[in-house]
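Here the structure comes first, spelled out in structure tokens, and everything after it is commentary.
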Amino acid sequence: MIAPPVLFVTGTGTEVGKTVTTAAVASAAVQAGLRVAVLKPGQTGVAPGEPGDVDEVARLVGAPLAGRLTLRELVRYPEPLAPDTAARRSGRPYLDPADTAAAAAELAHDHDLVLVEGAGGLLVRYDDEGRTLADQALAARDLGLPAQLLLVATAGLGTLNTTSLTAEALAARGLPLFGVVIGAWPGSPGLADRCNLADLPRSAGAPLLGALPERAAAAGDFAAVARASLAPALHGRWDAAEFASTHQAAG
Ligand SMILES: Nc1ncnc2c1ncn2[C@@H]1O[C@H](COP(=O)(O)OP(=O)(O)O)[C@@H](O)[C@H]1O
Ligand SMILES: [Mg+2]
């Protein structure tokens, strides 16, 4: 099992670590010698000229590795709102799922891995028809791209419900969930965090493929953190069983 060429990165909510996870996967993949592109189809909450999530990915990955990344953003709306509302209020056009699919296809042509970061969680709307990141992934698959979803989840209490809801919404649409990454693993994990190491893959119906330490973004050596925190399927050397035996709660 190795990451398919197009991975749509979604989350159990907003601010769960999608961008940090996208950066970590990009870093690990570039270190493994892959040609990597990062696509943010709909960027909200950022004014023209300000750094968006793809710039944050580049900052985290850091020079010189970031120089080997291709970064792309399709539409941008200044207000920090769901993309449909942000688009309406800005008077700018909605993002069409076909545009995301076409951009992913173009990038997949000359890259080994294309990471597509959604806004918020899976069912956040991008237009007045209620189309979501799931529709963008479906459009990519309609073009013949082997697109799958990567779910970034929180570590603690509440994550099993939002993980199951996301997994069920993906299954209902016939979209494959490649795996789950914990966006911010606490320095002092509590009982729920530790139990969730076993329960998250069950709730997701997909493997746990990593856990980024909560200070990953501030770590001096992000490249090393990325390798150590992601499973081989995401080009790192994190071992789920070993991590669980270190942290998992008894019983
Ligand atoms: N593992 C982590 N290490 C350090 N900071 C993190 C981590 N996960 C999330 N953060 C911080 O939390 C905030 C939200 O993370 P981000 O990746 O931007 O979430 P999302 O893309 O899901 O909205 C950011 O300020 C980010 O720096
Ligand atoms: Mg983000």
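Got a number for residues in segment 15-37 being crowded, with 23+ Cβ neighbours inside 10 Å and part of a loop (DSSP other than H, G, I, E, B)?
The qualifying residues number 2.
Has segment 24-39 got any residue that is within 10 Å of ligand 2 (Cβ to nearest atom) and touching a residue at least 24 places away in the same chain (Cβ under 8 Å)?
no
What number of residues in segment 198-225 are over 15 Å from Phe243 (Cβ atoms), in contact with a strand residue (DSSP E or B) (Cβ under 8 Å, 6 or more places away or on another chain) and of a type in the set (A, V, I, L, M)?
Result for segment 198-225: 3.
Suppose the filter is out of contact with any His (no Cβ under 7 Å at 6 or more places or on another chain), in a helix (DSSP H, G or I), hydrophobic (A, V, I, L, M, F, W, C) and surrounded by fewer than 20 Cβ atoms within 10 Å (Cβ to Cβ); does Ala47 pass it?
It is false that Ala47 is out of contact with any His (no Cβ under 7 Å at 6 or more places or on another chain), in a helix (DSSP H, G or I), hydrophobic (A, V, I, L, M, F, W, C) and surrounded by fewer than 20 Cβ atoms within 10 Å (Cβ to Cβ).
Is one or more of the residues making up segment 179-193 of a type in the set (Val, Ile, Thr) and in contact with a Ser or Thr (Cβ under 7 Å, 6 or more places away or on another chain)?
Yes, the conditions are met somewhere in segment 179-193.
Looking at segment 133-155 only, could you name the residues that are away from ligand 1 (no atom under 13 Å from the Cβ) and either polar (S, T, N, Q) or part of a loop (DSSP other than H, G, I, E, B) (or both)?
Selection gives Gln136, Leu143, Gly144, Leu145, Pro146, Gln148.
Looking at Ala87, Ala3 in this structure, which one is within 30 Å of Gly158 (Cβ to Cβ), away from ligand 1 (no atom under 15 Å from the Cβ), surrounded by 19 or more Cβ atoms within 10 Å (Cβ to Cβ) and at pLDDT below 95?
Only one candidate passes the filter, namely Ala3.
I'd like to check something: does segment 211-232 contain any residue that is in a loop (DSSP other than H, G, I, E, B), free of Cβ contacts under 8 Å to residues at least 40 places away in the same chain and among the aliphatic types (A, V, I, L, M)?
Yes.
Among the residues that make up segment 12-21, is at least one of them more than 16 Å from ligand 2 (Cβ to nearest atom), of a type in the set (Lys, Arg) and at pLDDT 95 or above?
no
Mind listing whichever residues of segment 201-239 are over 15 Å from Val25 (Cβ atoms) and crowded, with 19+ Cβ neighbours inside 10 Å?
Result: Ser203, Ala204, Ala206.
Give segment 168-196 a look and list any residue that's within 16 Å of ligand 1 (Cβ to nearest atom) and either over 15 Å from the mean Cα position of the chain (by Cα) or assigned to a helix (DSSP H, G or I) (or both), or say none.
Of everything in segment 168-196, those that are within 16 Å of ligand 1 (Cβ to nearest atom) and either over 15 Å from the mean Cα position of the chain (by Cα) or assigned to a helix (DSSP H, G or I) (or both) turn out to be Trp185, Pro186, Gly187, Ser188, Pro189, Asp193, Asn196.
Does Leu74 satisfy being more than 23 Å from Ala217 (Cβ to Cβ), modelled with pLDDT of 95 or more and not small (Gly, Ala, Ser)?
Against the criterion (more than 23 Å from Ala217 (Cβ to Cβ), modelled with pLDDT of 95 or more and not small (Gly, Ala, Ser)), Leu74 qualifies.
Do we find a residue being touching a residue at least 12 places away in the same chain (Cβ under 8 Å), part of a helix (DSSP H, G or I) and within 19 Å of the chain's Cα centre (by Cα) anywhere in segment 112-132?
No, segment 112-132 contains no residue that is touching a residue at least 12 places away in the same chain (Cβ under 8 Å), part of a helix (DSSP H, G or I) and within 19 Å of the chain's Cα centre (by Cα).
From the list Arg72, Arg76, Arg89, Arg59, exactly one residue is away from ligand 2 (no atom under 16 Å from the Cβ) and not in a loop (DSSP other than H, G, I, E, B). Which is it?
Arg89
The values are calculated or read from the model by the stated rules, or taken from the named source; none is laboratory data. Keep in mind it's a predicted model, so treat the numbers as computed, not measured. So basically every Cβ, Gly included, is an ideal-geometry build from the backbone, and we count neighbours across all protein chains shown.
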